[in-house]
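What follows is a short report on a single structure.
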Amino acid sequence: MKDNALISVRGLEKSFGKDIQVLKGIDIDIFKGDVVVVLGPSGSGKSTLLYNISGMDRITSGNLIFEGNEISGFSENEFSKLRLEKIGFIFQHINFLKNMNIYDNIAFPAYVAKKQSRKEINKKTEELMKKTGIFELAEKDITEVSGGQLQRAGICRALINNPCILFGDEPTGALNSKYANDVMDIICGINKEGTTVLL
């Protein structure tokens, strides 16, 4: 376990029921500014690993250290607060609120976090949408945009609270090659600006 690691994982295990062990004895250190890519065949536990490290799923045993603090014993509320304030997550299939337009879906986590003023949130939302090339879609409903545009909006939402680490669960898996390349270019640019990335 490295003292200066952003995230340290030791002996992580995840089982479903008594008979299905998906992860066994995982050790990993992730440092600020890293790009870490988890590779493996379908069903090997890649998504499970990301969900466990990010606290969206509970590990069966092991240790999770985030910014020097043991978090594996966190309550659901503590994990929710950590994800809201410190972690961005891009899903393969974006889950947006259907009663909100693209702009409001992106800004919503910032209003929940209550760490920025309304003016700051609006400025950040606009900056992110311009950076990802979707600013003109601000008032569109989520059913009125393409899959690639929706994935870009998902990146904006993941970054709205200035997370120190960005998780991506096959963020280009549902996109064609052009959109996939565009999304990866955006993620690489985010990393160059200092955000740690785990895909």
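The values are calculated or read from the model by the stated rules, or taken from the named source; none is laboratory data. Since the structure is predicted, the reported quantities are computational estimates derived from the model, not experimental observations. Here Cβ is always computed from backbone atoms with ideal geometry, including for glycine, and neighbour counts include all displayed protein chains. Note: areas computed on protein heavy atoms with side chains; ligands, DNA, RNA excluded. Shrake-Rupley method; radii C 1.70, N 1.55, O 1.52, S 1.80 Å.
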Net lengthening on full extension, Cys164/Phe135 (0.36 nm per residue, minus Cα-Cα)
8.1 nm
In whole angstrom, note down how far apart the Cα centers of the range 91-133 and the range 44-73 are.
26
Debye, to nearest 20: dipole size of the range 1-124, +1 on Lys, Arg Cβ, -1 on Asp, Glu Cβ
520
Go ahead and set up a Gaussian network model of the chain, Cα springs under 10 Å, then flag whichever of Ile71, Ile90, Ile20 fluctuates most.
Ile20
Accessible area in square angstrom per residue, the range 19-101, 1.4 angstrom probe:
57
Sites Asp19 and Cys188, calculated FRET efficiency, Cβ-Cβ separation with R0 30 Å, nearest 0.05:
0.15
Carbon and sulfur: what percent of the range 60-117's accessible surface (1.4 Å probe)?
51
Unit charges at the beta carbon, dipole of the chain: most positive-side option, Ser177, Tyr103, Asn52:
Tyr103
Beyond 13 Å, what percent of the Cα pairs of the range 156-199 remain?
54
Could you work out the relative contact order of the chain? I mean the mean sequence separation of Cα pairs under 8 Å and 6+ apart, divided by the number of residues, in percent.
25
Between Gly55, Gly68, Gly43, which gets the highest mean-square fluctuation from a Gaussian network model of the chain, Cα cutoff 10 Å?
Gly43
Just to confirm the number: angle between the C-alpha axis of helix 118-131 and the first principal axis of the chain, 0 to 90 degrees, nearest 10?
90
Tell me which of Asn63, Val22, Phe135 sits at the most positive position along the dipole axis of the range 1-145, charges placed on C-beta atoms (Lys, Arg +1; Asp, Glu -1).
Phe135
Give me the angle, in degrees from 0 to 90, between the Cα long axis of helix 102-113 and the longest principal axis of the Cα atoms of the chain, rounded to the nearest 10.
50
What is the helix-to-structure angle for 147-159, meaning the angle in degrees between its Cα long axis and the longest Cα principal axis of the chain, kept from 0 to 90 and rounded to the nearest 10?
70
